[in-house]
1. Among the numbered conditions (1) modelled with pLDDT of 50 or more; (2) touching a helix residue (DSSP H, G or I) at 6+ places or on another chain (Cβ under 9 Å); (3) surrounded by 12 or more Cβ atoms within 10 Å (Cβ to Cβ), tell me where residue 126 comes up short.
2. Starting from segment 42-71, keep only residues that are over 12 Å from residue 31 (Cα atoms), then list their pairs with residues that are at pLDDT below 85 and assigned to a loop (DSSP other than H, G, I, E, B) whose Cβ atoms are within a distance under 7 Å, requiring at least 6 positions of separation or different chains.
3. Of the residues 28, 22, only one is part of a helix (DSSP H, G or I) and either touching a strand residue (DSSP E or B) at 6+ places or on another chain (Cβ under 8 Å) or exposed (fewer than 10 other Cβ atoms within 10 Å of the Cβ) (or both); which?
């Protein structure tokens, strides 16, 4: 076989190994939640007796210390309104970018495209800048400012 083929095979084997290592804790979590024993059992990876009683207790037999259905309802309401409000703001901003012509439109569009579309969580650069600014001195702030200007200039041209 060619050297390139071996590199591809090794790369895929390493990725498969990493995927298995990543999935083991998730499988163990689901298997433990379906176990009939109370608590975590370290004797067996998969439980000897399977049951859905833990989920029934979680959703239908609440007590005063852990009211999971109320927590779930509150979280759902907050997430729903957050999505609705966020979608409204995104629609307003996208209308401004698509229909209106204003100074700096291309730079803002390039900056938002690079920070929102290239990062999976949609804001790693913004959070990094916000976290690092109070920790650094004036010299680093000026350096960061000029790097951002350079980045915007490169994306426009």
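1. Every condition holds for residue 126 apart from (1).
2. 68/62; 69/62
3. 22 is the lone residue from the list that is part of a helix (DSSP H, G or I) and either touching a strand residue (DSSP E or B) at 6+ places or on another chain (Cβ under 8 Å) or exposed (fewer than 10 other Cβ atoms within 10 Å of the Cβ) (or both).
Rundown of residues vs (1) modelled with pLDDT of 85 or more; (2) surrounded by 11 or more Cβ atoms within 10 Å (Cβ to Cβ); (3) in a loop (DSSP other than H, G, I, E, B), yes/no style:
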position: 37; (1), (2), (3): no, yes, yes
position: 40; (1), (2), (3): no, no, yes
position: 43; (1), (2), (3): no, no, yes
position: 56; (1), (2), (3): yes, no, no
position: 63; (1), (2), (3): no, no, yes
position: 70; (1), (2), (3): yes, no, no
position: 81; (1), (2), (3): yes, no, no
position: 98; (1), (2), (3): no, no, no
position: 108; (1), (2), (3): no, yes, no
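The values are calculated or read from the model by the stated rules, or taken from the named source; none is laboratory data. Only a predicted model underlies this, so the values are computations on that prediction, with no experimental measurement involved. Ideal geometry is used to build each Cβ from the backbone, glycine not excepted, and the neighbour counts take in all protein chains shown.
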